[in-house]
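Single-structure report; data block below.
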């Protein structure tokens, strides 16, 4: 099925065979290795696998590219981190010291604390996929770019509009007991405080274990405060589905709001059934933003025999944009490429025109800016909510 | 037991350990460091195993040592060298206490008690913010040796090697002493009663051995955290405890080479099969099953079996 | 904390407790008869859930066909494992324990490879919530809890009312007694393991629609099973029932009053305390 190492083996054999078959070694391409340090197993595996596929699809479209007179092909090198900091450190060590990989996707805000020193020491180019905020994308990390929307950006520019639109007054939080969950609670409280004049009130929080499956007791406590909306940010799809299901079983009729998890509607409906109605997610497109978006979805379905995983589009765009920047810079030197990248814009992002922002908020211009929507599940499928994300300074 | 051939292997091994850092690349130094740590843990585990007890929570004592050292050096600015000593002391002391309570339980009861303890350690680490909570503590300082900070793989290798050799030599020597011999007599309940009937304080012996084993892994745990430059509750989980048991069982629990080879070979293999993930687990498990069913003494017992097959039947 | 909340927590605790009982029964039986801690128990539970996903959801078999097939497969697996592994290592508790760890790792890694990493869901067959006053009990959980009780009853019947059960208890009591004529130790051991495997798999089958399933769910199951059988008494069916309910209630009420993390630690502390002060558990006999 979709198992990485077998595909690796096949690809290596195929590449070896192809290379052996080339008559003129002068035209042989070198591999431009892009690492993928993400969970490829465990509950968050869909994220890592999606990135792999995004890189592969981008590699197909890029084909062979030229830098400083030599020809290259994009090659993805996967490392399964299971979202564990220890494994991510080991993977990065191996990538940098043994496999000569200088560019890579590193997924997870929670694992970054451990790897940032290594990144800084080696000038590794980190295509960062994860939320959190300026702890990671800041002036001290010149080769770390966040290629997806950050927590605070999503929270600050989406939430007030959504609350107003849906008349949400009492808001609670249920999320994982880790860095991400805790910083999200802080941000949510901050936003609620700023909307006090609209009657918004933060009524309670429950921090749960990341892999927990039973939230009944925690929900019981939370529901006693009668929230209109429960913010389920920072939890993966399965968890959000279970929270929704169990909350509905306890009689909850309000909304669930999730900003950073890439949620699959079908997965949510499978778990929560009718209970999934009322789940709101940022970053989910219920109507396609561009022909490229549809094209990628179509190719994914054909190639991998299942609907597109959430991280595929952003990984595709990141790969293509980085390669473009490398070509523009004329070298693979990561700091140089970083400078070129920060000044550029990208027209080929499936979500729409992309640029960089964050100078004021983070002290560095390394936060991606793309149009992003919000959607709500109605009758088992995503329908658009008429709100758009604002830009981050 | 100590035949001429194996006596020569000891110094040869030392030679390899001394030469290695000068010829190996950074990546292989990384592998070597991880191998040394695992060998240390496994040797300590085997010391407890040899007296008839299976600890399913050794990772908890590794964690205890790591967290002690990290909290002292990060929160209180204490020197990492002292951190290592404190880690050993903390793990040893707690093990003494736990051992006093649980070593009278045999078999699976003891194993599950230690396992529960391991889970509690991890849960406590996760629950308190000043212990880092679920994300742990980063920016762990590395020690300096006469002014040279052990920042590179080359430099750190020496620290790992010294600690590993110290622990392994200690337990190898312990086996040769009367204390070590006494421990072997406590392996089963009936033999323990026999030993007590001739005046052996079984409880004290067992508790001491358990405490020493945990002190050793605690010290290496501190070194481990310095290597990773951070510590968090997921690194020292139940899965690590079972990994150590697998190394011990495959390598063989008796003798010196069992745990050393078991941990060494399997760790090195594991690093190479890295991206294989579940394949690595599957391969380990299959080897384990093969060893258990065919050679229950572990792979290092194979040579013993072989010799028995080849030796002439007639008396010597 | 209001009465309604407390009653709801109690209801959650009792139902969850029944689910724990369902999960732990197989482990209890195998330990009770053969004194083997089957570390593969959690993985068998996971396989039960995975197989019901494979047969019922992916291959769209009807439930009345899928469940018996799963039971049959686990029974066969039980006989096979007893014959090849347990029998060979009889008497060596360390090797047996590690062997079951090996089996569990094999099942786990093969499942990851075969089923992939994505979480799967088995859709609920019974939707809806039962209202008892102001207390809400989801019907599908109630159904699983009821099945747990039925299985406990069946197990009692087998162990205490059949000749095979008598033979099982004879083996447990004293292997010498069992070696008397008319008790085929090997056959009875095989039946015990087969039954234990089937119970583990059934646990997974009936809990599958309640939560999502993935190849890693075995670990949680065996952790909980360990706690239950330690507190209840290794090998005691009554102990498993009492401990299951007790732990379920402690967890639910504890989480309501102290928070989920504290309740978690509390349960492990209870386990150690039980081991230290009363190793035979609540209902076990002193060995």
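The values are calculated or read from the model by the stated rules, or taken from the named source; none is laboratory data. Since we're looking at a predicted model, the values are computed, not measured. When we count neighbours, we look across all protein chains shown, and the Cβ atoms used for this are built from the backbone with ideal geometry, even at glycine.
Which members of region B:196-234 meet the condition of being in a loop (DSSP other than H, G, I, E, B), within 14 Å of another protein chain (Cβ to nearest Cβ) and surrounded by fewer than 24 Cβ atoms within 10 Å (Cβ to Cβ)? Give the derivation first.
The first filter runs over region B:196-234 and keeps only residues in a loop (DSSP other than H, G, I, E, B), leaving B:198-201, B:229, B:232-234.
Applying the additional criterion that residues be within 14 Å of another protein chain (Cβ to nearest Cβ) yields B:229, B:232-234.
Selection gives B:229, B:233, B:234.
Only one of these conditions is not met by residue A:134: (1) assigned to a loop (DSSP other than H, G, I, E, B); (2) modelled with pLDDT of 80 or more; (3) surrounded by fewer than 22 Cβ atoms within 10 Å (Cβ to Cβ). Which number is it?
Result: residue A:134 passes all but (2).
If I filter region B:241-270 down to residues being crowded, with 20+ Cβ neighbours inside 10 Å and within 14 Å of chain A (Cβ to nearest Cβ), which single residue comes out as modelled with the lowest pLDDT?
B:270
Can you tell me which residue among C:10, C:19, C:3, C:25 is more than 12 Å from every other protein chain (Cβ to nearest Cβ), at negative phi and touching a residue at least 12 places away in the same chain (Cβ under 8 Å)?
Residue meeting the stated conditions: C:25.
Of the residues in region C:132-163, how many are over 22 Å from residue C:241 (Cα atoms) and either modelled with pLDDT of 90 or more or surrounded by 14 or more Cβ atoms within 10 Å (Cβ to Cβ) (or both)?
Qualifying residue count for the region: 2.
This table checks each residue for (1) within 11 Å of chain B (Cβ to nearest Cβ); (2) surrounded by 22 or more Cβ atoms within 10 Å (Cβ to Cβ); (3) out of contact with any strand residue (DSSP E or B) (no Cβ under 7 Å at 6 or more places or on another chain).
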site	(1), (2), (3)
C:91	no, no, yes
C:95	yes, no, yes
C:98	yes, yes, yes
C:102	yes, yes, yes
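Starting from residues that are more than 25 Å from residue B:144 (Cβ to Cβ) and more than 14 Å from chain C (Cβ to nearest Cβ), keep the ones in region B:96-132 and report whichever is modelled with the lowest pLDDT.
Checked region B:96-132; the qualifying residue modelled with the lowest pLDDT is B:130.
Can you find even one residue in region C:54-64 that is surrounded by fewer than 21 Cβ atoms within 10 Å (Cβ to Cβ), away from chain A (no Cβ under 14 Å) and touching a residue at least 12 places away in the same chain (Cβ under 8 Å)?
So the first thing to find is which residues in region C:54-64 are surrounded by fewer than 21 Cβ atoms within 10 Å (Cβ to Cβ), and the list is C:54-55, C:57-64.
Still in the list and also away from chain A (no Cβ under 14 Å): C:55, C:59-64.
Still in the list and also touching a residue at least 12 places away in the same chain (Cβ under 8 Å): C:55, C:63.
Among the residues of region C:54-64, at least one is surrounded by fewer than 21 Cβ atoms within 10 Å (Cβ to Cβ), away from chain A (no Cβ under 14 Å) and touching a residue at least 12 places away in the same chain (Cβ under 8 Å), which makes the answer yes.
How about region C:254-269: which of its residues are within 16 Å of residue C:10 (Cα to Cα) and either assigned to a helix (DSSP H, G or I) or facing another protein chain (nearest Cβ under 7 Å) (or both)?
Once the filter is applied, which keeps residues that are within 16 Å of residue C:10 (Cα to Cα) and either assigned to a helix (DSSP H, G or I) or facing another protein chain (nearest Cβ under 7 Å) (or both), region C:254-269 yields C:254, C:255, C:256, C:257, C:258, C:260, C:263.
With respect to residue A:330, determine if the residue is touching a strand residue (DSSP E or B) at 6+ places or on another chain (Cβ under 8 Å), on the phi > 0 side of the Ramachandran plot and buried (at least 21 other Cβ atoms within 10 Å of the Cβ).
Values: touching a strand residue (DSSP E or B) at 6+ places or on another chain (Cβ under 8 Å): yes; on the phi > 0 side of the Ramachandran plot: yes; buried (at least 21 other Cβ atoms within 10 Å of the Cβ): no.
When the stated conditions are applied, residue A:330 does not pass them.
Would region A:267-289 turn up any residue that is under 30 Å from residue A:356 (Cβ atoms), surrounded by fewer than 24 Cβ atoms within 10 Å (Cβ to Cβ) and over 19 Å from the mean Cα position of the chain (by Cα)?
Looking through region A:267-289, at least one residue is under 30 Å from residue A:356 (Cβ atoms), surrounded by fewer than 24 Cβ atoms within 10 Å (Cβ to Cβ) and over 19 Å from the mean Cα position of the chain (by Cα).
For the condition farther than 30 Å from residue C:4 by Cβ, under 22 Å from the mean Cα position of the chain (by Cα) and within 14 Å of chain A (Cβ to nearest Cβ), what is the one hit in C:71, C:81, C:110?
Just one listed residue meets the conditions, C:110.
Quick check on region A:195-210: of everything there that is assigned to a strand (DSSP E or B) and more than 14 Å from chain C (Cβ to nearest Cβ), which residue is farthest from residue A:231 (Cα to Cα)?
A:201
Right, residue B:72: surrounded by 22 or more Cβ atoms within 10 Å (Cβ to Cβ), touching a helix residue (DSSP H, G or I) at 6+ places or on another chain (Cβ under 8 Å) and in a helix (DSSP H, G or I) or not?
Answer is no for this residue.
Please go through region A:249-266 and give me each residue that is surrounded by fewer than 24 Cβ atoms within 10 Å (Cβ to Cβ) and either free of Cβ contacts under 8 Å to residues at least 12 places away in the same chain or over 18 Å from the mean Cα position of the chain (by Cα) (or both), ordered by number.
Result: A:249, A:250, A:251, A:252, A:253, A:254, A:255, A:266.
Could you tell me whether residue A:213 is surrounded by fewer than 21 Cβ atoms within 10 Å (Cβ to Cβ), within 9 Å of chain C (Cβ to nearest Cβ) and closer than 22 Å to residue C:258 by Cβ?
The answer is yes for residue A:213.
Could you please let me know if residue B:202 is modelled with pLDDT of 85 or more and farther than 23 Å from residue C:95 by Cα?
So residue B:202 does not fit the description; no.
What helices (runs of 4 or more DSSP H) completely inside region A:1-119 contain at least 3 residues that are in contact with a helix residue (DSSP H, G or I) (Cβ under 9 Å, 6 or more places away or on another chain) and at pLDDT 90 or above?
Output list reads A:45-62.
Regarding residue A:45, is this residue within 28 Å of residue A:239 (Cβ to Cβ), without any contact (Cβ under 8 Å) to a residue 60 or more places away in the chain and more than 14 Å from chain C (Cβ to nearest Cβ)?
Details: within 28 Å of residue A:239 (Cβ to Cβ): yes; without any contact (Cβ under 8 Å) to a residue 60 or more places away in the chain: yes; more than 14 Å from chain C (Cβ to nearest Cβ): no.
Taking the combined requirement at face value, the residue does not satisfy it.
Taking residue A:311 as meeting all but one of (1) touching a strand residue (DSSP E or B) at 6+ places or on another chain (Cβ under 9 Å); (2) over 30 Å from residue A:45 (Cβ atoms); (3) touching a residue at least 60 places away in the same chain (Cβ under 8 Å), write down the number of the exception.
Residue A:311 satisfies every listed condition except (2).
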